[in-house]
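Rule-based calculations on the coordinates, nothing more; no lab input. Remember, it's a predicted structure, so these values are computed and weren't measured experimentally. Cβ placement follows ideal geometry from the backbone for every residue including glycine, while neighbour counts extend to all protein chains displayed.
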């Protein structure tokens, strides 16, 4: 996300913030527009999911999602009463977490409402964290699908490991998974993807998604044919990266994604705790 876009979104979100008795809040109807939702009915479903997430985290949803009624101008002096919510910063964060990840407004909001300070560089940093976490989750999902898919086609877990290993060799220019793990300093008992940068995780996911698609489309059976398909797709993805000046095997490692997850969860608890203390004051 470009810095100028982030700056614009930040100003817009701050313009719609309200303050009462030291509590910062947003109206859901305003947030609906800020997050790019055209229909209230669709956005209401996101709010309901966020409320459930709040309860599952051990916090009272009524403290963060109080319902209100307000009058809106229909024009020509006519008014109508509508439903709305008053959302704390933590509530807004949970709404963003349960929103449509394809919307760039959602990516911004997830970080904006998580960061207590308004410093833009911290928002940018956290957006990068969130994007990497999401990329890793997608890769995990596509690899689980891949494993199930090829098991139905005569390939066991050992065969799956061999196919995935050959895919890594193709993506990393002939370097094996073991070689790359040593190069990146990845512990033997940890997946290499937990230490890869977002671009490489995304590349691995795309190659796997294409393999899943073609295994079904071409009705491929057996380790040999499926392995050939997966290697071919990783070679294609590598060539695309090389054309853009990116060598996957030359990129430095990133922070352990497990530590990153713990850091994000710790920040979420601080946000929730902070809002809870404000509400009691």
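When the chain is treated as a GNM with alpha-carbon contacts under 10 Å, the residue of 69, 29, 153 showing the greatest mean-square fluctuation is 69. Among 238, 126, 162, the residue with the largest mean-square fluctuation in a Gaussian network model of the chain, with springs joining Cα atoms closer than 10 Å, is 162. The calculated 222 nm mean residue ellipticity attributable to helices in the chain amounts to -21000 deg cm²/dmol, summing -39500 (n - 2.57) over DSSP H runs of n ≥ 4 and dividing by all residues.
FRET efficiency for the residue 265 to residue 156 pair, using the beta carbon distance and R₀ = 35 Å, is estimated at 0.50. Relative to the dominant Cα principal axis of the chain, helix 157-171 is inclined by about 90°. Annotation: extensible slack from residue 67 through residue 128 equals 18.6 nm (criterion: 0.36 nm per residue apart, minus Cα-Cα distance).
Measuring r between the beta carbons of residue 217 and residue 140 and using R0 = 25 Å, the FRET efficiency lands at 0.65. With 0.36 nm allotted per residue and the present C-alpha distance subtracted, the residue 256-residue 176 stretch has 26.8 nm of extension available.
The chain gives an Rg/Rh value of 1.07, both radii derived from C-alpha positions and Rh following Kirkwood. Spin-label pair residue 83-residue 189: with each label point 7 Å from Cα along the Cα-Cβ axis, the two points sit 4.9 nm from one another. When the chain is treated as a GNM with alpha-carbon contacts under 10 Å, the residue of 48, 32, 158 showing the greatest mean-square fluctuation is 158. Calculated FRET efficiency, residue 49 to residue 10, Cβ-Cβ distance, R0 = 25 Å: about 0.50 to the nearest 0.05. In plain terms, the chain from residue 29 to residue 103 could stretch by 24.9 nm, reckoned as 0.36 nm per residue minus the Cα-Cα distance.
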